[in-house]
Amino acid sequence: MGLSPLLLILALPFMAGLVAVMLRSDSRTVATWLAGSTTLACLVLTIILYPSVRDGGSVRHRIEWIPSLGLDFTLRMDGFAWIFALLVSGIGFLVVIYTRYYISPEDPVRRFYLFFLAFMGSMLGVVLSGNLILLVVFWELTSIFSFLLIGYWHQNPAARDGARMALTVTAMGGLALLGGVLLIGHIVGSYDLDVVLRSGEAIRAHELYVPTLLLILLGAFTKSAQFPFHFWLPNAMAAPTPVSAYLHSATMVKVGVFLMARLWPVLSGTPEWFTIVGLAGMASLVLGAYLAMFQQDLKGLLAYSTISHLGLITLLLSLGSPLGLVAAIFHMLNHATFKASLFMAAGIIDHETGTRDLRRLSGLFRYMPITGTLATVASAAMAGVPLLNGFLSKEMFFAEAVATHADSWVDRVAPYAAVLGSALAVTYSMRLIHSIFLGAPPESFPREPHEPPFWMRFPVMFLVIACLVVGIVPGLTIGPFLHVAVSSVLGAETPEYSLALWHGFTVPLAMSFVALIGGALLYLVAGNYLEHADRPWLIGRIDGYRIFERVMVAISWRGARLIEEIAGTRRLQPQLRLLVAAAIAAAAVPLFLSGLGFGQIAAGTTDFAFAGLWAVGMACAVAAAHQAKFHRLAALVLLGGTGLVTCVTFVWLSAPDLAATQLVVEIVTTVLILLGLRWLPKRSQDLAEPSGMLARLRRWRDLSLSVVAGLGMSAVAYAIMTRTPPESIADFFVEKAYSEGGGRNVVNVILVDFRGFDTLGEITVLGIVAVTVFALLRRFRPAPDSIELPEQQLIQRSFDEAEPDRKPGATEADYLFVPSVIMQWMFPVTIVLAAYLLLRGHDAPGGGFAAGVAMAAGFILQYMAAGTIWIESRLRILPVVWIGGGLLLAALTGLASLLLGDAFLTSYFRYADLPFVGKVPLASAAMFDLGVFTLVVGATVLMLIAIAHQSIRRPRAARIEERQ
Amino acid sequence: MELTLSIAIGVLTGSGVWLLLRPRTYQVIIGLSLLSYAVNLFIFSMGRLRVGAAPVLGAEGALEAGYTDPVPQALVLTAIVIGFATTALFLVVLLAARGLTGSDHVDGRESR
């Protein structure tokens, strides 16, 4: 395996997140250092990896996960992933510095850094995944951490609503994406990214291409807040501003377009891709910019602007031309830099003045000239002003929009939409700067504003300088890195392009000027209207948020209520009836479809002794069913009769292990239910029960259901038993039992060796059930009418009191005296029997289960013989310890083989000569069986004595009167 | 033999289902026990019925002339023990419910 830098980049944030949780709650500075050094380490590791991706190569790291499903933990970094990893860790680092000053000491910083770092890890996971399923897993993780971060201030209802909406939309998209990825896996036969990227032809030609495309685009559009799923992003602005800057502008929302670019060589170039992606991109570009103009909340404006810019990227990707992809990737980077800096500036303004309302902010420039300058430059980049990075990618965008790619109206409209969107961007950028920084300062701010601390401003400054430098000398700065990213996606198709400020007088340049002048004019004309508009002109009433809420209410509230009213009941009987009917139907359907034929073998042999045996067994069962209501003890005895017949059947039909287990389990079950009988209410036959037509009808219906169920089971059982058995895995087990498992009792070898892991699970269940029984009984409150001593004991006591020469309790002590002496004498015999069953288990019928239950039966016999108090003052009975010890022993036996370099629960065996005992098989499986034994003893004893103890407690009756 | 056992499985199932649908908790617990016998026998019978052919090998692992399928037996063996545990759990739940509600009806209150 080894520790690859890729794995380290991915694991560091998660580990640091765990460390952050363990910090003290007031350790804001320590947490910042931790998060800062983690992000910086990721950044440095990413930079170190640059030489390996520079020449079109890629770094990869593969760990087998579930190879049989084609699922590997593959990490893969090529140029495109590299530049995104750089973005994620670099902006992450800046945001950490910023957060130190933004988050107030009262906020729970540990939670923030845990979510923040875990988000960063998931984000890097998406970027670095070399397996599509793995990508989806990380994708969903980013949705979850985005949800947690938006809801960070969960006392704020807007934060809760925004978080829920973001999760609903993006997780739904993630689900769709999973569907799409599975379809790709179905088409290609692999989830490996490299294989998928080579199979573009096959995918595009496949008949499932359109569903695949739709599902994947659903995932990408929801994540990147593209129309018509854009509405969650503005509502996510309730998050702390560092989160908005990091998740909702620079990184997470880029994942959607990242994925579209990643799969661009595979999915793009078809008319479907062009139309769907192009329309969504164009709609988001124009609509986002239009709605951004009308926002009165500073962060709301930036959110809609983000939608618009992501729409631009999407539109570029839709064109299907390599140059469009270059522009798209370039704009992803540019947008991340200027938008993150704008968000951080917005946070500073909010932090300093206490408001984000554009109508209340004004004239801030004289209070904070440096922040003002930085924000102005960043806004200019957003508007696409020359000398800034936004201008360059917008020029490329215009050039691509003008070029013809497909003969469709979408393509012909594209240039106009591009100019319109850009003009609107100019308008809202101007509005942003004008209404915040210029104009007369208002009489009062919620707080007196001043410049923030240097380090809070530093990330903004850094990013703005990056915008400037890239904008002026693109070829020297971003050029080589962009080329690496582009060529890793396009490979040989990488087009010739030039990153330069000046290309001469071209159509795109003219479009830029039209947009700049048009936008400025629009602001001059409509600026005042925008300042006072309550809702966007013309389409203000159509609100994605409201539509979403309506749909959610309809589904989760009205629909759920309706279904509950129609199909719900709180009564158990109808539910069980439905369940039984459904089971019968489920069994009947295949029978009707393929018919039920009876086989030929052995149909003639009838053993009359066996038939007689079962005549008794069936009579017992029917009688138990008849008596269970009024004669509980009789029903229990009859049940035992059926159990014994079952046990004999196992002996008869070559299943000695089952017979031994069934026999001892029969004993403890009977004791168990006997112990419970004491707490059930008296019932006499003359008790009023519902009668009449309806009740009789119900009984007939139940009777016919049970008759049908019985007949069906008979028919199916007979049909199967009379057929020749198919080839089964039995032969394998029988052949290998001795040579590989070291035992001659195949059933036992299966349990403790071949299927040892299953058995480990089963005994765990057993332990959990026993502890649950114990826990439920600790607060046991019997009904008031069961509190009194049983009638027999009352008679015995009054007899003692009436006779002057008898001590109180003497009759009780003598009760069943002879049987109890025999039971006490039998205790050693029971122990020997249990040990015998355990030791021979590997070679002959027996084993840990049967031995354990037998041992437990020995214990409970002692309880019955001598009473709880007598026995517990003489024996140390620690069932909970036995359960734990048994489980530990079984698990450690399994782990021991892991230490020896084999798979979990691999067994070793040899025979050893013990003095007096003789030749004993000493397989490691025997240790495992000992663990099973110990656990079974503990669990059975715990359940039995927990119920038995209720008789000697002084139980408090449940207060039923108060409840009713 | 096959006929006898399949009829028996049917009768056990029928009695169990009947009790399962009854209103008293005790009836349900007896019904579930009967049903688990039926299911255990059913699964066991999937390995076909053989007399005198236990899946236990001879000395030094020699294959005997015939043996039954050990796999259903291994399945049923754990099912028997787990069945006991669930019976215990259900018993305790019904006792607690009876204590809290004062009724041994499956719904915790008498029906109309």
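Determine which single condition A:Tyr246 fails, assuming it passes every other condition in (1) under 30 Å from A:Asp107 (Cβ atoms); (2) in a loop (DSSP other than H, G, I, E, B).
(2)
Only one of (1) open to solvent by less than 30 Å² (accessible area, probe 1.4 Å); (2) over 29 Å from A:Val109 (Cα atoms); (3) β-branched (Val, Ile, Thr) is not met by A:Val286, so which one is it?
(1)
Just checking: which of the helices (runs of 4 or more DSSP H) contained wholly in the stretch A:626-730 hold 2 or more residues that are touching a Ser or Thr at 6+ places or on another chain (Cβ under 9 Å) and of a type in the set (S, T, N, Q)?
A:656-677, A:693-721
Can you find even one residue in the stretch B:40-48 that is crowded, with 23+ Cβ neighbours inside 10 Å, of a type outside the set (Lys, Arg), assigned to a loop (DSSP other than H, G, I, E, B) and touching a residue at least 24 places away in the same chain (Cβ under 8 Å)?
The answer is yes; a qualifying residue exists.
Of all residues in the stretch A:106-150, which are among the charged types (D, E, K, R) and either under 19 Å from A:Asp72 (Cβ atoms) or buried (at least 24 other Cβ atoms within 10 Å of the Cβ) (or both)?
Passing the criteria: only A:Glu140.
Within the stretch A:48-57, can one find any residue that is in contact with a helix residue (DSSP H, G or I) (Cβ under 7 Å, 6 or more places away or on another chain), among the hydrophobic types (A, V, I, L, M, F, W, C), farther than 25 Å from A:Ile144 by Cα and open to solvent by 40 Å² or more (accessible area, probe 1.4 Å)?
yes
Which numbered condition in (1) more than 9 Å from every other protein chain (Cβ to nearest Cβ); (2) open to solvent by 30 Å² or more (accessible area, probe 1.4 Å) is the only one that A:Arg571 fails?
(1)
Quick check: anything in the stretch A:843-859 at negative phi, open to solvent by 30 Å² or more (accessible area, probe 1.4 Å) and assigned to a helix (DSSP H, G or I)?
no
Quick check on my filter: what residues within the stretch A:367-382 are open to solvent by 10 Å² or more (accessible area, probe 1.4 Å) and within 14 Å of A:Val464 (Cα to Cα)?
Passing the criteria: A:Ile370, A:Thr373, A:Leu374, A:Thr376, A:Val377, A:Ala380.
Step by step: first the residues of the stretch A:920-959, then only those that are within 11 Å of another protein chain (Cβ to nearest Cβ) and open to solvent by 60 Å² or more (accessible area, probe 1.4 Å), then the one that is modelled with the highest pLDDT. Which residue is that?
A:Arg956
In the stretch A:396-414, which residues are modelled with pLDDT of 85 or more and crowded, with 18+ Cβ neighbours inside 10 Å?
A:Met396, A:Phe397, A:Phe398, A:Ala399, A:Glu400, A:Ala401, A:Ala414
Scan the stretch B:27-55 for residues that are within 9 Å of the chain's Cα centre (by Cα) and of a type in the set (Gly, Ala, Ser) and jot them down.
B:Ser33, B:Ser36, B:Ala38
From the list B:Tyr37, B:Tyr26, pick out the single residue that is more than 28 Å from A:Phe608 (Cβ to Cβ), out of contact with any Cys (no Cβ under 6 Å at 6 or more places or on another chain) and either at the interface with chain A (Cβ under 7 Å from one of its Cβ atoms) or among the hydrophobic types (A, V, I, L, M, F, W, C) (or both).
Matching residue, one of B:Tyr37, B:Tyr26: B:Tyr26.
Check whether at least one residue in the stretch A:171-178 is among the aliphatic types (A, V, I, L, M) and in contact with a strand residue (DSSP E or B) (Cβ under 8 Å, 6 or more places away or on another chain), and report yes or no.
no
Within the stretch A:763-783, which residues are within 7 Å of chain B (Cβ to nearest Cβ), within 28 Å of the chain's Cα centre (by Cα) and either crowded, with 19+ Cβ neighbours inside 10 Å or among the aliphatic types (A, V, I, L, M) (or both)?
If the condition is that a residue be within 7 Å of chain B (Cβ to nearest Cβ), within 28 Å of the chain's Cα centre (by Cα) and either crowded, with 19+ Cβ neighbours inside 10 Å or among the aliphatic types (A, V, I, L, M) (or both), then A:Val765, A:Leu766, A:Val769 are the ones that fit.
What number of residues within the stretch A:720-747 satisfy the criterion of being within 7 Å of another protein chain (Cβ to nearest Cβ) and open to solvent by 10 Å² or more (accessible area, probe 1.4 Å)?
8
Taking the stated definitions as given, is B:Phe90 within 7 Å of chain A (Cβ to nearest Cβ), out of contact with any Phe, Trp or Tyr (no Cβ under 9 Å at 6 or more places or on another chain) and in a helix (DSSP H, G or I)?
No.
The rows are residues; the columns are (1) farther than 23 Å from A:Gly281 by Cβ; (2) in contact with a Lys or Arg (Cβ under 9 Å, 6 or more places away or on another chain); (3) open to solvent by less than 40 Å² (accessible area, probe 1.4 Å); (4) not in a helix (DSSP H, G or I).
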| position | (1), (2), (3), (4) |
| --- | --- |
| A:Ala166 | no, no, yes, no |
| A:Gly174 | no, yes, yes, no |
| A:Leu178 | yes, no, no, no |
| A:Val181 | no, no, yes, no |
| A:Ser190 | yes, no, yes, yes |
| A:Arg204 | no, no, no, no |
| A:Leu218 | no, no, no, no |
| A:Ala225 | no, no, yes, yes |
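Give the stretch B:1-21 a look and list any residue that's touching a residue at least 40 places away in the same chain (Cβ under 8 Å) and either open to solvent by less than 10 Å² (accessible area, probe 1.4 Å) or not in a helix (DSSP H, G or I) (or both), or say none.
B:Met1, B:Leu5
Kindly indicate whether A:Pro211 is outside any loop (DSSP other than H, G, I, E, B) and either at positive phi or not hydrophobic (A, V, I, L, M, F, W, C) (or both).
Criteria met by A:Pro211.
Can you find a residue in the stretch A:814-822 that is under 20 Å from A:Ile945 (Cβ atoms) and assigned to a helix (DSSP H, G or I)?
Yes: one or more hits.
Kindly indicate whether A:Tyr836 is of a type outside the set (A, V, I, L, M, F, W, C), in contact with a Gly (Cβ under 8 Å, 6 or more places away or on another chain), open to solvent by 30 Å² or more (accessible area, probe 1.4 Å) and facing chain B (nearest Cβ under 9 Å).
no
Here is a yes/no grid of residues against (1) within 27 Å of A:Phe138 (Cα to Cα); (2) open to solvent by less than 10 Å² (accessible area, probe 1.4 Å):
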residue: A:Phe231; (1), (2): yes, no
residue: A:Asn235; (1), (2): yes, no
residue: A:Pro240; (1), (2): yes, yes
residue: A:Ala250; (1), (2): yes, yes
residue: A:Val257; (1), (2): yes, yes
residue: A:Leu263; (1), (2): yes, yes
residue: A:Met282; (1), (2): no, no
residue: A:Asp297; (1), (2): no, no
residue: A:His309; (1), (2): yes, yes
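Can you confirm whether the stretch B:58-71 contains a residue that is part of a helix (DSSP H, G or I), more than 7 Å from every other protein chain (Cβ to nearest Cβ) and either in contact (Cβ under 8 Å) with a residue 40 or more places away in the chain or surrounded by fewer than 19 Cβ atoms within 10 Å (Cβ to Cβ) (or both)?
yes
For the condition open to solvent by less than 20 Å² (accessible area, probe 1.4 Å) and free of Cβ contacts under 8 Å to residues at least 24 places away in the same chain, what is the one hit in A:Ile871, A:Ile883?
It is A:Ile871.
The values are calculated or read from the model by the stated rules, or taken from the named source; none is laboratory data. It should be emphasised that the depicted structure is a prediction, and the values quoted were computed from it without experimental measurement. With ideal geometry, Cβ positions are generated from the backbone for all residues, glycine too; neighbour counts draw on all protein chains shown. Quick note on the areas: whole protein, heavy atoms, side chains included, nothing else; ligands and nucleic acids left out. Shrake-Rupley method; radii C 1.70, N 1.55, O 1.52, S 1.80 Å.
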